[in-house]
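*Asks:* Before anything else, here's the structure in question.
The values are calculated or read from the model by the stated rules, or taken from the named source; none is laboratory data. From a predicted model like this one, the values you see are computed outputs, not experimental measurements. Here the Cβ positions follow ideal geometry from the backbone for every residue, glycine too, while neighbour counts run over all protein chains shown. We work out accessible area using only protein heavy atoms, side chains counted, and drop any ligands, DNA or RNA first. Shrake-Rupley method; radii C 1.70, N 1.55, O 1.52, S 1.80 Å.
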Amino acid sequence: MVLTGGDHLLLVAAGLGAGVVNGAAGGGTLLSFPALLAVGYPAVTANVTSTVGIWSGYLGGVAGFQREARSQGRRLRALAPSTLAGSAGGGVLLLTTPSHAFATLAPYLVLVSCLLFAGQPVVARRLRSGGTASRRHRVALHLGTFAASVYGAYFGAGLGIVLLAVLATSLPDSLTRINGLRSVLALLVNTVAVVVFVLGAHVAWAAAGILAATAVVGGFVGARVARRLPPVVLRVLVVAIGLATAIGLLVR
């Protein structure tokens, strides 16, 4: 497939936008996936190419959150097995099963995550009250991370919102530091998905290259902006992005 000049401009804009949104909180697939459909790629090819193309945006996001991410080694080691297993499973599922049913559920999952994230301070206080609850929420943290990783590799839109909801509800830390952790876990999910897709699916490399070159810039910018926002403003921004993602998925 030969891309026109207009196609190139659309993909450049989509890559920059997806990188900014993913760097800030997640949800950039909602920009890159429709852009690939608009230039004429089939749905599965568009989904796979979007994942491969905007991977660099997650890398840029980690670079933007490098100070917050650097101090999260213990948590990353603890959550890495759940993240890697879930993302590998999600990538294989996409290649072996139809995605229609899961895509139908996706906007509702994002909506639930928005509600959970919006009420996170209250929910987190209740979950952390007492040793038994603490043990339960650690189990919930790993199960939630695994489920979010399956979802992220399988479909992707709103992965950052889902991960933020899981992490912020279970971890006693500032939202900015948790967003840094989210950026690394999202990068892990997408790295595994990219490996699976490159080995087992058709990637439109010309389009993926355009997205990759622009998403890395957007990812760094989005992360740098997000880490400077007050927690309340960041929470409102994350919920707004999540609601926009869910609405976009519902009307697509």
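*Asks:* Of all residues in region 141-175 being in contact with a helix residue (DSSP H, G or I) (Cβ under 6 Å, 6 or more places away or on another chain) and open to solvent by 30 Å² or more (accessible area, probe 1.4 Å), which is nearest to GLY90 (Cα to Cα)?
*Replies:* Across region 141-175, the extreme among qualifying residues is PHE146.
*Asks:* Answer with yes or no whether GLY130 is at pLDDT below 75 and either touching an Asp or Glu at 6+ places or on another chain (Cβ under 6 Å) or not polar (S, T, N, Q) (or both).
*Replies:* Working: at pLDDT below 75: yes; either touching an Asp or Glu at 6+ places or on another chain (Cβ under 6 Å) or not polar (S, T, N, Q) (or both): yes.
Judged against the criteria, GLY130 is a match.
*Asks:* Further, regarding this structure: Show the residue pairs meeting these rules: Cβ distance below 7 Å; 6+ apart or different chains; first residue within region 6-27 and under 15 Å from GLY219 (Cβ atoms); second residue open to solvent by 50 Å² or more (accessible area, probe 1.4 Å) and at pLDDT below 85.
*Replies:* Listed by first residue and then by second, the contacts come to ALA14/LEU31; GLY17/LEU31; ALA18/LEU31; VAL21/LEU31; ALA24/VAL225; ALA24/LEU237; ALA25/LEU237.
*Asks:* For region 38-55, how many residues meet the condition of being under 17 Å from GLY19 (Cβ atoms) and of a type in the set (Phe, Trp, Tyr)?
*Replies:* Keep residues of region 38-55 that are under 17 Å from GLY19 (Cβ atoms), which gives 49-55.
After this cut, where a residue has to be of a type in the set (Phe, Trp, Tyr) as well, the list is 55.
Adding up the residues that qualify gives 1.
*Asks:* Out of the residues in region 66-77 meeting the condition of being of a type outside the set (Lys, Arg) and within 16 Å of ALA168 (Cα to Cα), tell me which one is modelled with the highest pLDDT. Don't jump to the end; show me each part of the working.
*Replies:* Initially, region 66-77 is screened for residues of a type outside the set (Lys, Arg), giving 66, 68-69, 71-73, 76.
Then keep just the ones that are within 16 Å of ALA168 (Cα to Cα); that gives 68-69, 72, 76.
Numbers: GLU68: 83, ALA69: 81, GLN72: 83, LEU76: 91.
Restricting to residues being of a type outside the set (Lys, Arg) and within 16 Å of ALA168 (Cα to Cα), the top hit is LEU76.
*Asks:* For region 41-57, how many residues are open to solvent by 10 Å² or more (accessible area, probe 1.4 Å) and either farther than 21 Å from LEU94 by Cβ or among the hydroxyl-bearing types (Ser, Thr, Tyr) (or both)? So that I can check it myself, show each step before the final result.
*Replies:* Kept after step one, since they are open to solvent by 10 Å² or more (accessible area, probe 1.4 Å), are these residues of region 41-57: 41-45, 47, 51-52, 55-56.
Okay, now just the ones that are also either farther than 21 Å from LEU94 by Cβ or among the hydroxyl-bearing types (Ser, Thr, Tyr) (or both), so 41, 45, 51, 56.
Counting residues in region 41-57 that are open to solvent by 10 Å² or more (accessible area, probe 1.4 Å) and either farther than 21 Å from LEU94 by Cβ or among the hydroxyl-bearing types (Ser, Thr, Tyr) (or both) gives 4.
*Asks:* Which ones in region 79-97 are open to solvent by 50 Å² or more (accessible area, probe 1.4 Å) and more than 15 Å from VAL198 (Cα to Cα)?
*Replies:* As a first pass, look at region 79-97 and keep what is open to solvent by 50 Å² or more (accessible area, probe 1.4 Å): 81, 84-85, 92-93, 95-97.
Of everything in region 79-97, those that are open to solvent by 50 Å² or more (accessible area, probe 1.4 Å) and more than 15 Å from VAL198 (Cα to Cα) turn out to be PRO81, LEU84, ALA85, THR97.
*Asks:* Could you check, for region 178-185, whether at least one of its residues is under 20 Å from VAL52 (Cα atoms), open to solvent by 10 Å² or more (accessible area, probe 1.4 Å) and of a type in the set (A, V, I, L, M)? Quick ask: steps written out before the conclusion?
*Replies:* So in region 178-185, the residues under 20 Å from VAL52 (Cα atoms) come out as 182-185.
Next, from what is left, pick out any that are open to solvent by 10 Å² or more (accessible area, probe 1.4 Å): 184.
Subset that is of a type in the set (A, V, I, L, M): 184.
Yes, because at least one residue in region 178-185 is under 20 Å from VAL52 (Cα atoms), open to solvent by 10 Å² or more (accessible area, probe 1.4 Å) and of a type in the set (A, V, I, L, M).
*Asks:* In region 149-181, what count of residues is obtained for those that are modelled with pLDDT of 90 or more and basic (Lys, Arg)? Spell out the reasoning first.
*Replies:* Taking region 149-181 as the starting set, the residues that turn out to be modelled with pLDDT of 90 or more are 149-150, 181.
From what is left, the residues that are basic (Lys, Arg) are none.
Number of matching residues: 0.
*Asks:* Does GLY6 fit the bill of being surrounded by fewer than 24 Cβ atoms within 10 Å (Cβ to Cβ) and either assigned to a helix (DSSP H, G or I) or modelled with pLDDT of 80 or more (or both)? Steps first, answer last, please.
*Replies:* Numbers: surrounded by fewer than 24 Cβ atoms within 10 Å (Cβ to Cβ): yes; either assigned to a helix (DSSP H, G or I) or modelled with pLDDT of 80 or more (or both): yes.
Yes: the conditions hold for GLY6.
*Asks:* Could you check LEU37 against (1) touching a helix residue (DSSP H, G or I) at 6+ places or on another chain (Cβ under 6 Å); (2) crowded, with 17+ Cβ neighbours inside 10 Å; (3) part of a helix (DSSP H, G or I) and say which number it fails?
*Replies:* (2)
*Asks:* Shifting gears a bit: Of THR51, THR45, which residue is in contact (Cβ under 8 Å) with a residue 12 or more places away in the chain, within 16 Å of the chain's Cα centre (by Cα) and at negative phi? Reasoning before the result, please.
*Replies:* Numbers: THR45 fails: within 16 Å of the chain's Cα centre (by Cα).
Only one candidate passes the filter, namely THR51.
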